Amino acid sequence: MLTILTALALAVSAAAPDPAADRAPPTRKPSEMTPTEIKAYNVGLAPAHPYYIKCRKTLEIGSLVKKNRVCHTNEQWKAVWAKENQDARQTAEAMTRAPVNHSN
């Protein structure tokens, strides 16, 4: 009897829809959302889900104390990191190339 109940419970839990599976990306830019809105949006999402919103604080240029809050979904952060890595690679390559001699 216990085996049948366990099997039934597993079948029901496996058939239950995943609330995060059909989640749409946020309708507003995450950086424009309040921390309360972000927390409410993230409910039920795994931290590794593409639409899970993560925020970072960055120092404002020219200030020793002021910080900016930057928020993106995991999917957006992945694109930001890829772009920054590409920019860094291009800069490093440009700096390591042999200088062009313009005098003839």
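Is the shape of the stretch 32-104 rounded, prolate or oblate, going by the alpha carbon gyration tensor and its root eigenvalues a ≥ b ≥ c, with a/c under 1.5 for rounded and a/b larger than b/c for prolate? Cα axes put the stretch 32-104 in the oblate bin. Distance between the C-alpha centres of the stretch 60-79 and the stretch 26-43: 15 Å, rounded to the whole angstrom. Of the GluC sites (Glu not before Pro) found in the stretch 27-72, the ones in coil according to DSSP and having at most 13 other Cβ atoms within 10 Å of their Cβ are 60.
Computed from the coordinates by the stated procedures, all read-outs in this text should not be read as laboratory data. A quick note: this is a predicted structure, and the numbers were derived from the prediction, not measured. Cβ sites come from the backbone with ideal geometry, for glycine too, and all protein chains shown count toward neighbours.
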